[in-house]
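Here's the structure, in structure tokens; my notes come after.
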Amino acid sequence: MFKPTFAAILPLLLAAPFSAHAQPITAADLLSHMKVLADDSYEGRKPGTAGGKRTEAYLIAAFARMGLQPGAAHGLWRQPVDIVERHLESFTATWRAGRKATMLDGGIAWLGRQSKIGFDRAPVIFAGHGTAEELDGRDLKGAVLLTLQGPVPANRRRLDTAALAARGAVGVVSILTAKEDWAKYRAYWLEDEAYILGSSPIAEGILSSAEAGALLGMAGLSLDALRSQAAAPGFRAVKVKADVSLNLNTGVRPLDTANIVAKVPGSGRADEAVIFLSHWDHLGICRPEGAADRICNGAVDNASGTAILLETARRIAAGPRPDRSIYFIATTAEEMGLLGADALGAAPPVAKERIVAALNLDTTAIGPAGLPVAILGRGNHPAIDKVVDEEARKIGRKIDTDTEANVMITRQDGWALAKRGVPTIMATGSISDMNLLRSYLGGTYHKPDDDIAHATELEGAVEDANLHVALARALADPSRLPSP
């Protein structure tokens, strides 16, 4: 594997001038970045690690040499994202139902978002799937909610922990399905997890199906009957004749990480913006000591998307100034739950009402040339769809007009902007063939094999890259995409 050191790379970045001409992007262009970002010396680009810092430095040096300007607040390249990683230290918990009481020390696990959380005799509510409809009108102040793991029934919307905490809940515990292997799921759930600092002070837990059945039985209820009731239309949360006491200690560790924000200022409507984003992070050292390959390099996911981001930025910076400002943002902590993009959505570089379009780049290097262009989010923003289709046809690409890929819309960074009302899409050939995508997801995805040695399919990514250069110019032109 190609193993340059960062000390060797940075001088080259600063010394080697980029072309002043907007030549078409080539596979060699993309590979030049992917070989660096997916190199073992970057240790899988996990935020808060030496490899994460190295990645940030590489991106800043590249953007600076390309002629872009810092785009974060106060004229900086970095938009810090206040992330905390947590792990369970200890807990004691008691369940009481009438005159019966039992210690909760098996079949249950807890995590907090603060170092210490405690409550005494909190009332218990069976909340079904924890949706707004099921909890409508229910007083949650001081309560612990029991919710069901699994898909939410149609036309219902599950509330997140922040929304539950805002309504006064002190805990939420997910009851696993009977099919889940408790020991394996507990180990997975208790792995170090990250969240944004300042998140809700609520205790979160998981409960095995067997343990839940026993506890609810102490309160005179049947878990099977409650599951059936929760599946029926019109179900409303049920008060359980029981209470829970908890003392929870969670270890928390802050991570030093950031989104990297670069911009090409607009020459006319500079207060309006087009945003391109791509997450720079991956999973880091993902296998135990002694494994043949311990590093999840993330060549496809997402060194490939970040390479397109950089090469698109290079060509836009080298060309005529766009009418609107164009931002190129490499986000952190996507693999931790879209945390970097969520921080970006909460504090965008321009007012969100002035963002005319945002395009995400993720997992692009999985398909050959000639794939039609699909849009994740097609139909949500017809004016943007129209520009994408026009520019794709100009360079000889076919169009995939179905919306099959939209099922994945919440699994990528663009969702953090879209849910806040920013018109956001992903345009790529890699989602036009869902079987191709499933093959990748079932193969090297999130494994050490997602490295340069296996990521050889770049021709489709090259077509996507050149499409994004065209889209940057078109979407920044108010005559092509009118202002909102």
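Throughout, read-outs are computed from the coordinates displayed, never taken from laboratory work. Quick caveat, the model's predicted, so the values are computed rather than measured. Ideal geometry is used to build each Cβ from the backbone, glycine not excepted, and the neighbour counts take in all protein chains shown.
Here are the numbers for the structure shown:
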{"read-out": "Convex hull of the range 264-351 built on C-alpha atoms - directionally averaged projected area, nm²", "value": "6.7 nm²"}
{"read-out": "Pairwise label distance in nanometres, residue 138 with residue 50, each label 7 Å out on the Cα-Cβ vector", "value": "5.0 nm"}
{"read-out": "Ranked by how many other beta carbons lie within 10 Å on average, peptides 81-88, 140-147 from highest", "value": "140-147, 81-88"}
{"read-out": "Residues listed by number, the range 111-144, amide nitrogen under 11 Å from residue 252 label point at 7 Å toward C-beta", "value": "112-117"}
{"read-out": "Distance histogram in 10 Å bins (all Cα pairs of the range 84-253, percent per bin)", "value": "10, 41, 39, 10, 0"}
{"read-out": "Which listed pairs, of 179/419; 35/447; 352/447; 386/419, have C-alpha distances above 29 Å, in listed order", "value": "179/419; 352/447"}
{"read-out": "Against the rule of thumb 2.2 N^0.38 Å, how large the Cα Rg of the chain comes out", "value": "1.05"}
{"read-out": "Chymotrypsin sites (Phe, Trp or Tyr not before Pro) restricted to DSSP loop in the range 43-122 with at most 16 other C-beta within 10 Å", "value": "none"}
{"read-out": "GluC sites (Glu not before Pro) restricted to the range 273-352 and DSSP loop, no more than 10 other C-beta within 10 Å", "value": "289"}
{"read-out": "Estimated translational D of the range 214-268 in µm²/s (Stokes, Kirkwood radius over Cα pairs; 25 °C; 0.890 mPa s)", "value": "142 µm²/s"}
{"read-out": "The range 397-481 - Rg (one decimal) and Dmax (whole number), Cα, Å", "value": "15.0, 46"}
{"read-out": "Exposure proxy order (Cβ contacts within 10 Å, fewest to most) of 286, 296", "value": "286, 296"}
{"read-out": "The range 78-119, relative contact order in percent, only Cα pairs under 8 angstrom and at least six apart counted", "value": "34 percent"}
{"read-out": "Spatially proximal aspartates and glutamates relative to residue 398 (Cα-Cα < 19 Å; intrachain offsets below 8 disregarded)", "value": "385, 389, 390, 433, 459, 463, 464"}
{"read-out": "Rg followed by Dmax, in Å, when the range 333-484 is reduced to its Cα trace", "value": "15.4, 46"}
{"read-out": "Set of aspartates and glutamates with alpha-carbon distance to residue 100 below 13 Å, sequence-local pairs under 8 removed", "value": "243"}
{"read-out": "The chain: calculated mean residue ellipticity at 222 nm from DSSP helix runs of at least 4, using -39500 (n - 2.57)", "value": "-8500 deg cm²/dmol"}
{"read-out": "Neighbourhood charge, 15 Å Cβ-Cβ cut-off, centred on residue 249 and excluding it, Lys, Arg +1 and Asp, Glu -1", "value": "+1"}
